[in-house]
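Derivation of every value follows stated rules applied to the coordinates shown; laboratory data play no part. Please read all numbers here as calculations on a predicted model, not as lab measurements. Here Cβ is always computed from backbone atoms with ideal geometry, including for glycine, and neighbour counts include all displayed protein chains.
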Amino acid sequence: MYHNIEELLALAEERQVPLYKIILENEMLLSEKSEEEIYKGLEERYRVMKTSANKALSKPQETVGNLITGLSHKHSEYSNTENTLCGNYLNKVMAFALSCSEVNAAMGKICAAPTAGSCGILPAVILGVSEKFRLERKETLDGILTASGLGAIIMKNATVSGAEGGCQAECGVAAAIAAAAAVEMRKGTPRMAVNACSLALINVMGLVCDPVAGLVQMPCAQRNASQAVNALLSADLALGGMVCPVPADEVVEAMYRIGKQLPSELKETALGGLAATPTAKKLEYEIFH
Amino acid sequence: MEIIKERDVKIRMDISIFDVVGPIMIGPSSSHTAGAAKLSRVARLIVKEPFTHISFGLHGSFAKTYKGHGTDKALVAGALGLSEDSEALADSFKLAKNQGLEFDFYEIELEGVHENTVKMTLTMLDGSQNVVVGSSIGGGQIEIIEINGFVTNMSLQLPTIVINQYDKKGVISEVSGILAEHSLNIATMKLSRTGKGDRACCIIEIDGEIPEEIEQEIMRNKNIISVKVINI
């Protein structure tokens, strides 16, 4: 049916349906599953996402080294105050993302989206949008469908592995597909959704994967929070009419090439970037010795 | 000799949405935890017979960061047959001890492979060894790139049959005949061999679940050394 984002968009525009409809049809053809079975799978993932996005809001999770333990709880409390700069809503979204990251680091159950290191972004965005606009469950699941369809294309044509493409390929792609989901959940056009995807990816291009002590904690949790916000602001830019002049497939290709150009020290090896700072080295020593 | 049949050309996007949003898994890393657990679980399915020791040679990013990502716990969990969403994964070292499975880790440099690659050496009850090399390619997806010296590219996205055979005329056609009798459709088939008339390894991916009894049927051919059905 399609093998890149342009073809997916063309099909949706030709038939005047949202992207998720075409993605659903492709999935039915590919997996030989019924629509009902696919929505059952989406529901199962939604539940895991919701649980992990809420679990650490109230209860800090013990992790190796405890580099991010309690961040979500603390931020959730702050998000309820009158003093925030970004408002209660965006802060709550960040707390959701932090919670998923904390649960993940504690070897708890999460849903990779598209990876475990980036598992907080899509849940934070879809829960945030769906709670704010009181969406039906079906509309929320459609959002997951939009995101996963675009993610499949990026996975096929580029990469979603931090070891291959850096953080831009994990948290960046998560933000890009979550941005498209947010647009479709707000009934934006397929073209707006694709623009949101490109804009979010552009905003994060070049981001390296440099986990302190090799742990999926810092800066992963912070980047889950910031990329959830990137997804929402990119969705807003697209819904407001901003067009990305470079087509989405070329943006994806550029992201992939940048990933290839990054030295291995900056791709999940914990040998460069933030991981190579004296303080990170000291933390690493303290945790593993 | 290489036979590769293209899948239905109508389906261009052949990655399932559930491989993107998913798997539902135990953290912290889809490539270093879930993918690692899947690699050793598949190695266990490939050798099929019980083994007493498994040695993990860690390459690239696996070697550098395995402790922090729980890659070690995940690899042992997979070797015990635990799936990547099992909450018991974090306790795999203890479980291995209880079940009498020994394991060790060492660093290795492999040529031209993915950053997250592991060489698994499984020591069987009779002391013989099986070697399976695989990569965790992101998002919990894996690729088995070598089985006992034979180069492969198994992704295990589909049910798969691994056949060890002598490179003799008619073996392939007999195998495909058996598959046809069971109404199994071949998605891809790849054969690699050490030399003409020598030993060969045949990997067949099937659309849909493969009945286990097919192993005995294929084994009846005298040129077949071993057959393993992997429904994952």
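Helix A:190-204 against the longest principal axis of chain A: what's the angle in degrees, Cα atoms only, rounded to the nearest 10?
It works out to around 20 degrees.
Using the Kirkwood radius over C-alpha pairs as Rh, can you work out the diffusion coefficient of the range B:110-171 via Stokes-Einstein at 10 °C, viscosity 1.306 mPa s, in µm² per second? Could you put the intermediate results ahead of the total?
On the way: Rh = 13.4 Å.
Translational D for this selection: 119 µm²/s.
Just to be sure I follow: if Rg is taken over the C-alpha atoms of the range B:160-230 and Rh is the Kirkwood radius over the same atoms, what is Rg/Rh? Write down the numbers at each step before the final one.
Details: Rg = 11.2 Å, Rh = 12.0 Å.
We get a ratio of 0.93 for the range B:160-230.
On full extension of the chain, what length is gained from residue A:276 through residue A:35, given 0.36 nm per residue of separation minus the C-alpha to C-alpha distance?
On the way: separation 241, 0.36 × 241 = 86.76 nm, distance 4.82 nm.
Stretched fully, the residue A:276-residue A:35 segment lengthens by 81.9 nm.
Taking the beta-carbon count within 10 Å as an exposure proxy, list B:49, A:170 from fewest neighbours to most.
Numbers: B:49 12, A:170 38.
Taking fewest neighbouring Cβ atoms as first place, the list is B:49, A:170.
Kirkwood hydrodynamic radius of the range A:5-288 from all distinct Cα pairs, in Å? Numbers along the way, then the final one.
Values: mean 1/r = 0.0534 Å⁻¹.
About 18.7 Å, per the Kirkwood formula over Cα pairs.
Using alpha carbons only, how many degrees (0 to 90, rounded to 10) separate the axis of helix A:248-261 from the longest principal axis of chain A?
Once rounded, one gets 30 degrees.
Can you tell me how much longer the chain between residue A:285 and residue A:84 gets when fully stretched, taken as 0.36 nm per residue apart minus their C-alpha distance, in nm with one decimal? Please report the intermediate quantities before stating the final value.
On the way: separation 201, 0.36 × 201 = 72.36 nm, distance 3.59 nm.
Answer, rounded to one decimal: 68.8 nm.
Counting pairs of Cα atoms in the protein assembly as shown, how many percent are more than 29 Å apart? Write out the running numbers ahead of the final one.
Numbers: 68819 of 135460 pairs.
The proportion of pairs with Cα distances above 29 Å equals 51 percent.
What ³J(HN,Hα) values, in whole Hz, does the Karplus curve 6.51 cos²θ - 1.76 cosθ + 1.60 give for the range A:52-65 when θ = phi - 60°, with x put for Gly and Pro?
5, 6, 10, 3, 8, 4, 9, 10, x, 9, 6, 10, 4, x
Go ahead and run the numbers for FRET between residue B:53 and residue B:94, Cβ-Cβ distance against an R0 of 25 Å, rounding to 0.05.
Values: r = 17 Å, r/R0 = 0.69.
The pair residue B:53/residue B:94 has a calculated efficiency of 0.90.
Mind checking the range B:69-121 for GluC sites (Glu not before Pro) that DSSP puts in a loop (not H, G, I, E or B) and that have at most 12 other Cβ atoms within 10 Å?
Working: sites: B:84, B:87, B:102, B:107, B:109, B:111, B:115; in loops: B:84, B:109, B:111, B:115.
Taking the range B:69-121 and a limit of 12 other Cβ atoms within 10 Å, the loop GluC sites (Glu not before Pro) found are B:109, B:111.
Which of A:41, A:128, A:272 ends up with the largest GNM mean-square fluctuation for chain A, with Cα atoms connected below 10 Å?
The residue that fluctuates most here is A:41.
Which of B:106, A:89, A:20, A:2 comes first, and how do the rest follow, when ranked by fewest Cβ neighbours within 10 Å?
Details: B:106 11, A:89 14, A:20 28, A:2 19.
Arranged by neighbour count, lowest to highest, B:106, A:89, A:20, A:2 become B:106, A:89, A:2, A:20.
So what is the relative contact order of the range B:28-154, in percent, for Cα pairs below 8 Å that sit 6 or more residues apart? Before the final figure, lay out the partial values.
Values: 273 pairs, mean separation 43.0, N = 127.
Relative contact order comes out at 34 percent.
Whole angstrom only: what separates the Cα centroid of the range A:183-224 from the Cα centroid of the range A:5-65?
Here the answer is 17 Å between Cα centres.
Quick one: 3J(HN,Hα) in Hz for the range A:40-46, Karplus 6.51/-1.76/1.60 with θ = phi - 60°, rounded, Gly and Pro as x.
So the Karplus estimates, Gly and Pro as x, are 5, x, 5, 4, 4, 5, 4 Hz.
Pick from A:81, A:159, A:115: which residue has the top mean-square fluctuation in a GNM of chain A where Cα pairs under 10 Å get a spring?
Fluctuation is largest for A:81.
Restricting the calculation to Cα positions, tell me the Rg (one decimal) and the Dmax (whole number) of the range B:91-232 in Å.
Cα radius of gyration and Dmax of the range B:91-232 are 16.7, 49 Å respectively.
Arranged by the count of other C-beta atoms within 10 angstrom, fewest first, what order do A:35, A:82, A:253 take?
The most exposed by this proxy come first: A:82, A:35, A:253.
May I ask for the angle, rounded to the nearest 10°, between helix B:171-181 and the longest principal axis of chain B, with both axes built from Cα atoms and the value confined to 0 to 90°?
Orientation of helix B:171-181: about 90 degrees from the principal axis.
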